[in-house]
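Here is the structure we will look at.
The values are calculated or read from the model by the stated rules, or taken from the named source; none is laboratory data. Source: prediction; values computed, not measured. Every residue, glycine among them, receives a Cβ derived from its backbone with ideal geometry; neighbour counts consider all protein chains shown. Side chains are part of the model used for accessible areas, which takes the heavy atoms of the whole protein and leaves out ligands, DNA and RNA. Shrake-Rupley method; radii C 1.70, N 1.55, O 1.52, S 1.80 Å.
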Amino acid sequence: MNDMSGGRMRIRFGYDITITCSMPTPLICLMSPRVDQLASLTVPETFQTDPGLPSTLYFDLFGNTCRRMIAPPGDLRLTSQAEIHASGEIDFSDPTAPELPIAELPDDTLVYLLGSRYCETDRLSQLAWNLFGQIPPGWGRVQAISDLVNSHIRFDYQLARPTRTAEQAWEEGVGVCRDFAHLMIAFCRCMNIPARYVNGYLGDIGVPVTGPMDFSAWVEVFLGGRWVTFDPRNNKRRIGRIRVAYGRDAADVPLIHSFGPHVLKNFTVVCYDVANRPPGQPF
């Protein structure tokens, strides 16, 4: 089991995003913490738009919180702030956790065995079995998948592409956190291990600051009868993840889905330990 990094902490998180639309444009935004995180909030989320707009909330098929609104022509600023009481522990780990036979998997995990928009299990199945078929089932095999994806893909934000699939990430050997996640998810599913895509906040807590904050993508794998976090982009256990949304892949959890064109003008994301606030934070 993992060691604790320290006591509980308060993590402040939020965003300041501006988009521009040329005409009235319906939006669906998935940027609020999942409902299962709300009990841990010490400061509830405050969401605002400029200009002020009405919005409504609903839950999608995966239980993610979705916000609907209609963006007017011109600039629209979206801001949110909240604080959460976090344990201060690194991600759970249990090297003895087993894979479960398909016949014993809960019904609601089975969808995460299937191919999806960005995770082409049919095209990667033979490769996955060639790479991982001789590794004993369980935590070690999943960790081996994470290790290989981490070493195979070179992170390059300048080469981000929203249409890149898991197979293309393997062939190109470059990508961003969503590409690392898609490739790991596809390999796990090929090996009959349920895996899903998670989008959320991950501040540089307990690690060196590596650059401007962004929303992060990681993977949850069903092992030992529970969902467990793996992060092929960083490939280490981390502190203070805040889940926003999960689904089969990135197609299920877009930050902003616009039913019409929009241009991103500003994108600022914040996530930090309140007791060790880095300099220059906007809030």
I'm checking my understanding of the structure. Among residues of the range 38-71 that are among the aromatic types (Phe, Trp, Tyr) and touching a residue at least 24 places away in the same chain (Cβ under 8 Å), which one is nearest to residue 274 (Cα to Cα)? 47
Among the strands (runs of 3 or more DSSP E) contained in the range 179-283, which hold 1 or more residues that are more than 30 Å from residue 102 (Cβ to Cβ) and open to solvent by 40 Å² or more (accessible area, probe 1.4 Å)? 256-258, 263-273
Quick test for you: out of 70, 11, pick the one residue that is under 24 Å from residue 266 (Cβ atoms) and under 23 Å from the mean Cα position of the chain (by Cα). 11
Of the residues that sit in the range 64-94 and are in contact with a helix residue (DSSP H, G or I) (Cβ under 7 Å, 6 or more places away or on another chain) and surrounded by fewer than 17 Cβ atoms within 10 Å (Cβ to Cβ), which one is farthest from residue 37 (Cα to Cα)? 94
